[in-house]
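All remarks here apply to the structure that follows.
A short reminder: the numbers here are calculations on the coordinates, not readings from a lab. This is a predicted model, so every value here is computed, not measured. Note that each Cβ is placed from the backbone with ideal geometry, even for glycine, and that neighbours are counted across all protein chains shown.
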Amino acid sequence: MRKRFLSFGVPVVAVLAVLGGAWIFDARSGAALDESGGSLGIRMDDVRQGADVYFLAPTPINRSGRALELLAAAPDQTPAGLEFVEARVYKTAEFLDGVPACWATGRGEGADPARHKSTPIAGQRIGAHADLGAVIYLHFRVSSAQRPLISSGVRFSYRRGFREHSQVLGGEYSVGELT
């Protein structure tokens, strides 16, 4: 009986140890993203209640050796009065006059992200040691006259291998005083 366990049990234990080690290694890799250009701090003044506001999110860079797939992006902390609508991906070539850091309703139609072709963030792939190759805008709606309204951090959810991870990149977005 003991000989039978050794001939069957040792290979099974070895396989389980390898799989367990791979799972632990993958579980610790929830920090695959880095941000391009450092942490952003963007402020818009004179934005009225009911206006739509777009802020440029940090561009995620995959610093790991394996490709990953983005699942979602949303602000990490948002105050009441600044409602998050969605995050979308835009090609920089769509903005003929350059990519604006922010935009709000009534600030000219040429830079309005809603007028440019975009795609959902879910399903976007970032290769190993590469960046997204596009920009991400966070779309908010101002629902309060209270000021300032400050949102901080952008939480990216992504799949790398068989596991899903979530990571917060820096950034502070504020709607300042009405003039």
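Annotations for the structure displayed:
- Rounded to whole Hz, the Karplus (6.51, -1.76, 1.60) HN-Hα couplings of segment 51-59, x for glycine and proline: 7, 8, 10, 10, 10, 6, 7, x, 7
- A P(r) calculated from all alpha carbon pairs of segment 32-175, with 5 Å bins opening at zero, reads 2, 10, 20, 23, 20, 14, 7, 3, 1, 0 percent.
- Per-residue ³J(HN,Hα) for segment 168-179, Karplus 6.51 cos²θ - 1.76 cosθ + 1.60, θ = phi - 60°, Hz, x for Gly and Pro: 9, 9, x, x, 9, 10, 10, 9, x, 5, 7, 10
- If you take all other residues with their beta carbon under 13 Å from the beta carbon of Gly153, and give Lys and Arg +1 and Asp and Glu -1, the sum is -2.
- Other residues with beta-carbon under 10 Å from the beta-carbon of Thr119 carry, at +1 per Lys or Arg and -1 per Asp or Glu, a net charge of +3.
- Nonlocal amide H pairs with Glu86, under 5 Å, H built at 1.01 Å: His139
- Applying both filters, DSSP loop and at most 12 other Cβ atoms within 10 Å, to the GluC sites (Glu not before Pro) of segment 133-179 gives Glu177.
- Segment 64-141, Cα convex hull volume normalised per residue, Å³: 105 Å³
- Ranked by the mean number of other Cβ atoms within 10 Å per residue, highest first, peptides 42-49, 53-60 order as 53-60, 42-49.
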